[in-house]
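Student: Shown below is the structure under consideration.
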Protein chains: 2
Amino acid sequence: MNSGRYAGAVSEALWDRSRCSVAGTLAVVGEKWSLLVLREAFLGVRRFADFQRVLGAPRAVLTDRLNTLVDHGVLRRVPYQAEGERQRYEYRLTEKGIDLHPALVALMAWGDKYLAGDGEVPLELRHRDCGEPVHQVLVCEAGHQLSGARDVRPVPRVPAG
Amino acid sequence: MNSGRYAGAVSEALWDRSRCSVAGTLAVVGEKWSLLVLREAFLGVRRFADFQRVLGAPRAVLTDRLNTLVDHGVLRRVPYQAEGERQRYEYRLTEKGIDLHPALVALMAWGDKYLAGDGEVPLELRHRDCGEPVHQVLVCEAGHQLSGARDVRPVPRVPAG
DNA sequence: GACCTGAGTTCACTTGACGAACTTCCTCGC
DNA sequence: GCGAGGAAGTTCGTCAAGTGAACTCAGGTC
């Protein structure tokens, strides 16, 4: 046994996977279409029919994903009434939902780097104030900017006991 | 019609979803278990049996996910031979895989904020050099640090034509 | 030669995704 | 009042994907 011990590896015993935050987040937004629904939400889409049209997802799936996201407080249903129409609900991001923005930015950045053909990035993110392109970086609380994943050391927090 | 036009929304016509980088990235790492496999890879796990044990994923699914990630160049198979054992392969992150680190960090940060009970973050990321906790921020090329998603303006790049 | 272990593969079963058709509730034009 | 129309689902049959247990296979030990 002992096949799991490598130089630099986080000891398995000290690190309880069952409460991993990545797994927890994926339990909320990891199903098919969920993150794409959120992408559209960040781009301003709010109504069921619009999600359905731009995504092409099956209605039943879309209904389920929207309800799930509402249940988790990532979206909220807001009543609205267009003239000449009955009252309906639209789906808007909550603060909790807006906090998923970095995850979408990170996924998008990777796709831009590895999947976009010859620099043809489909969507660019710019600073609203100055118009310059933005990108994600890691900084530490001492103010250093990290150059990449290799500058990071994962430290398990052992629950009391 | 026209239900899809909102103040601040990115015009639908100008934005071709079919080549969205988020969707493209999810096509590579969006299946069940893929991102959890990568999380373990970042923590030092390399061998099939170890992935299987720490994740608890079905063997068949794990086989498929590892192969898919290798096919996409996110992991690579490296032969190794432990003493008293035959030659086997282990799975290591490539540069392309390491570049998915920000996505995992972002997902983890959200889970830490919204899912962890009373500040009991299961895993902390620290600067390898100075030991201070790290976090992700958005900066623009003019050097400003953005305060959140609301400071970002998405700009579709219309393909030539 | 019998046994062990890592890394799969196969199989029966359950869950989830899919597309098309159907339902409901409301508004509009007549 | 009455039928048409549309947004937002729901239902349904089918197909793909995930699951856990059992089986396979190669090379090593005893």
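The values are calculated or read from the model by the stated rules, or taken from the named source; none is laboratory data. For clarity, every value in this text was computed on a predicted model and none was experimentally measured. In this analysis, Cβ positions are derived from the backbone assuming ideal geometry, glycine residues included, and neighbour counts consider all displayed protein chains. To get the accessible areas, we keep the full protein, side chains included, count just its heavy atoms, and leave off ligands, DNA and RNA. Shrake-Rupley method; radii C 1.70, N 1.55, O 1.52, S 1.80 Å.
Student: Please list the non-local residues whose amide H lies under 5 Å from the amide H of A:Glu90, H modeled 1.01 Å from N, same-chain partners needing a gap of 5 or more.
Tutor: Excluding prolines and chain starts, which carry no amide H, the hits are A:Val78, A:Tyr80.
Student: Distances from A:Glu85 to the same residue in each other copy, label points 7 Å out along Cα→Cβ, in nm, shortest first?
Tutor: Listed shortest first, these distances are 6.0 nm.
Student: Tell me the carbon and sulfur percent of the accessible area for chain A, rounded to whole percent, probe radius 1.4 Å.
Tutor: Values: 3990 of 8270 Å².
Carbon and sulfur atoms account for 48 percent of the accessible area of chain A.
Student: Give me the summed buried accessible area for the A-B pair, 1.4 Å probe, to the nearest 100 Å². Intermediate results must be reported in sequence, preceding the final value.
Tutor: Values: alone 12440 and 12450 Å², together 16540 Å².
Buried area between the two chains comes out at roughly 8300 Å².
Student: Something else now. Of the candidates A:Ala49, A:Ala142, A:Ala116, which one comes out as most mobile in a Gaussian network treatment of chain A with C-alpha springs shorter than 10 Å?
Tutor: Evaluated over chain A, the most mobile residue of the options is A:Ala142.
Student: Going from the alpha-carbon gyration tensor of the range A:17-151, what semi-axes, largest first and in whole Å, does one get by taking the root of 5 times each eigenvalue? Spell out each step's value before the answer.
Tutor: On the way: eigenvalues 181, 75, 50 Å².
Largest first, the range A:17-151 gives 30, 19, 16 Å.
Student: Shifting gears a bit: Heavy atoms only, probe 1.4 angstrom, no DNA, RNA or ligands counted: give me A:Glu124, A:Glu40, B:Glu83 ranked by accessible area, highest first. Present the calculation step by step, with values, prior to reporting the outcome.
Tutor: Values: A:Glu124 40, A:Glu40 0, B:Glu83 160 Å².
My answer, sorted largest first, is B:Glu83, A:Glu124, A:Glu40.
Student: Just name one of B:Val10, A:His135, A:Asn67: the one whose Cα is farthest towards the positive end of the charge dipole of the protein assembly as shown (beta-carbon charges, Lys/Arg +1, Asp/Glu -1).
Tutor: The listed residue farthest towards the positive side: A:Asn67.
Student: Averaged per residue, what accessible surface does the protein assembly as shown expose to a 1.4 Å probe, in Å²?
Tutor: Numbers: 16540 Å² over 322 residues.
Result: 51 Å² of accessible area for each residue.
Student: Any idea what the dipole of the range B:10-161 comes to, in debye rounded to 20, about its Cα centre with Lys/Arg Cβ at +1 and Asp/Glu Cβ at -1? It would help to have the intermediate numbers written out before the result.
Tutor: Values: 21 positive and 20 negative charges, 105 e Å.
It works out to roughly 500 debye.
Student: Would you check the protein assembly as shown for Lys pairs whose C-alpha atoms are within less than 26 Å, ignoring same-chain pairs closer than 8 in sequence, and give me the count?
Tutor: Number of lysine pairs found: 11.
Student: I've got another one for you. Taking A:Val70 in one copy and the same position in all the others, each labelled 7 Å out along Cα→Cβ, what are the pairwise distances from the first, in nm, shortest first?
Tutor: 4.5
Student: Sticking with this one: So what's the projected area for the protein assembly as shown, the Cα convex hull averaged over all directions, in nm²?
Tutor: Taking a quarter of the hull surface, the average projection is 19.5 nm².
Student: Mind listing the phi-derived Karplus ³J(HN,Hα) values for the range A:60-73, rounded to whole Hz, using 6.51, -1.76 and 1.60 with θ = phi - 60°, and x for any glycine or proline?
Tutor: Ordered by residue, 3J(HN,Hα) equals 4, 5, 4, 4, 5, 5, 5, 4, 4, 5, 5, 4, 8, x Hz.
Student: Further question on the same structure: Ordering A:Ser147, A:Ser34 by how much accessible area each has at a 1.4 Å probe, largest first, what is the list?
Tutor: Most to least solvent-accessible, the answer reads A:Ser147, A:Ser34.
Student: Right, another one. When the Cα centres of the range A:14-56 and the range B:38-87 are compared, how far apart do they sit, in Å?
Tutor: Comparing the Cα centres of the range A:14-56 and the range B:38-87, I get a distance of 26 Å.
Student: Something else now. Quickly estimate the mean residue ellipticity at 222 nm for chain A, helices only: each DSSP H run with n ≥ 4 gives -39500 (n - 2.57), and the total goes over all residues, rounded to 500.
Tutor: Working: 6 runs with 57 residues, N = 161.
Value at 222 nm, helices only, nearest 500: -10000 deg cm²/dmol.
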